[in-house]
1. Which stretch or stretches of region 507-521 have amide N atoms under 17 Å from the point lying 7 Å from L532's Cα along the Cα→Cβ direction?
2. Which value, in debye to the nearest 20, gives the size of the charge dipole of the chain about its Cα centre, when Lys and Arg are +1 and Asp and Glu are -1 at the Cβ?
3. Among all helices in the chain defined by DSSP H, which have a length of 20 Å or more along the axis from Cα atoms plus a Kyte-Doolittle mean of at least -0.5?
4. What spacing in nm lies between the two simple spin-label points modelled at T170 and R425, each 7 Å away from Cα in the Cβ direction?
5. Among L556, A23, F130, whose Cα sits farthest toward the positive end of the charge dipole of the chain (+1 at Cβ of Lys/Arg, -1 at Cβ of Asp/Glu, about the Cα centre)?
6. For the chain, what relative contact order do you get, as a whole percent, if you take Cα pairs closer than 8 Å and at least 6 residues apart?
7. What distance in nm lies between label points placed 7 Å from Cα along the C-beta direction at L94 and A394?
8. Sort out the exposed loop GluC sites (Glu not before Pro) in the chain (DSSP loop, at most 16 other Cβ within 10 Å) and tell me the longest stretch that has none.
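Please treat every number below as a calculation from the coordinates, not as lab data. Just so it is clear, the structure is predicted and the values come from calculations on it, not from any experiment. Using ideal geometry, Cβ is built from the backbone for each residue, glycine included, and neighbour counts are taken over all protein chains shown.
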Amino acid sequence: MTAASETVVEPRQWLRGDGVLAAAMVMVAVQLVWKFDLVRRTYFRQDDFTFIARGLENDLTWDYLMRAEYGHLMPGPFGVHWAMGRLGVYNDVLMHVITIVLMGAAALALLRLLFLLYGSRPAILIPFAFYLLTPMTISSLSWWAVVIETLPFQVALPMALAAHVLYVRTRRLRHALAAAGWTVFAMVFFVKAPFIPVLAFVITAGWLGGVRKWQWPAWALYATIVAGYAAILFPAVFTSVQLTNDTVQPSLPPLAVAAAFAWRLFSGSLVASSLGGPWRWHPIGDDYAIAATPDAAVWAGLGVAALVVALTIRFRRRAWLAWLMLLGYFLPADVVPVMIGRIEQLGPDLGGFELRYIAPTASLLAVVVALAFIPREGERPLRIVWIPLAAVFAAGSIWSITQYTRLPLGENVKSYIETGRVALRRAPADLVVLDTHVPAKVVYPIFFYDYALASKVLGPIAARPVTWVRQLDGPLRNLMTFDERGRLRPVNIEGLTVPPGTACRPIGSAPERFRLPLPLPQGTWTVQVSYLNPRPARLTVGLGAGSADAETGKDLGWTYATVKGGGQELTIRSPDGARPCVGEIRVGVPMPAKTGTPIPLQPVTP
């Protein structure tokens, strides 16, 4: 006898106010209150800033939305980032509200599916509690770009499966259309959505009375959707230009790397977090962490998982199919996309312990737990298995999540952004900012290139127009740059100094030579020249084989030239014959001055 024949649940029955539903609602509320304490402390991080900046640079066009980001087609997230940039730019309150709403919606969607499959049986609270409590999803909640990809998928997956269950039970095509609609919704947000019809097929075959000929309109509809998605995805994957100014060339990593990654993601992430792990975390900066599952815990978890799978297969007629469905999803949906796209850059150790790669699998795993554990007619309860297992899982989950919440999370990054906001508001109206990379804790330059520049990260929140310069050339007034804490400071050239003589040195059309205290290696150097001129003039500054022109103003001031060269001798000449007079010369690298008054005096505390 199938689950379909055991329990027939009307579409709206799950909303009735029975005790199981009331308990489930309390569980959802407790989960949201508990995790809100974590969510409210998160902030934008890393590629969040890049996506918002790109949204501000683009109109809401098809080309913008359909750009594949390292193999991911995600018009939904791109649309949300586009809107976020126009709703306060870094509006973390809106981000937190969306996150909590999606978390609640995902929980209710799963509850609906469980209720449709099993009715208001108290047993459904076990897989439901698993989903609410598992640490599998916790790290993804601290990264906005991951939230807006994965949580809509966690809403759509059970909703699509629930609609399909209703279609099989009622034969009403409108439920198949609803399942297709939810699948399309998932595709708009997440690349793993095409696997939803496959899961529907397996559940139909194993628990809904089997696949029947009369269902072919639904399967044809699902297949058409997947084919259409593939027709859009693959051209976008191969033609979208990435931040590296090239297109993606998908390729499989070496077999040893692929095997190591798959094993670590399975044993150290999926299995461990399914049992309440990882128990320890490895921080990646202040605001994120990956799993750091101890080796002993990995092997113990594998042993417990093997025992649980064996017992459920022994005492549940379809448990083998449930676990096989999970494994059949995990390999192509969780492992392969990362293996093709990023694993050679991340390495199997770093990538294998990234829980965000398996966070969306939590809702499916909850369904698998229900299918493998909840008894059907003629099967006895497995309390001897699930009671101690649930106790271990609950204790481990609470411990793991508590450990994660001890991270500073978004505190330091928010301090940098809000300090920069205040600095730009209080700075002089004719401010010139040397555009440098923000600290790696905010955006990693090695991954995001020019999108890690202060003009991209802080420019969108400037209250008035700001002049940004990538290098120093000519006389610049009110020149400042951002320090590591988001404050504006005057620019200082750190390196070598040629002190002025007793009087300034006149410069003619022939090169005047200045001996540097030490030789400079070949590179790009900033030269700062003080001058006292009767009228504006132009200088040609030489360093080794390189030279650059610099304009000077009238009277006393500074001018800058950026020169590619090296050596121990600097030359300066005035090709226009204006006879400027120069004093102190500095050669080196522009940095925030360690002295002087920063704007603001102290960083903003969130």
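1. Answer for this model: 507-508.
2. 1220 debye
3. In the chain, the long hydrophobic H runs are 19-39, 92-118, 144-170, 173-189, 216-239, 295-315, 383-405.
4. 5.3 nm
5. Farthest along the dipole direction, towards plus: A23.
6. It comes to 14 percent, rounded to a whole number.
7. Result: 4.0 nm between the two label points.
8. The segment 1-376 is the longest one with no such site.
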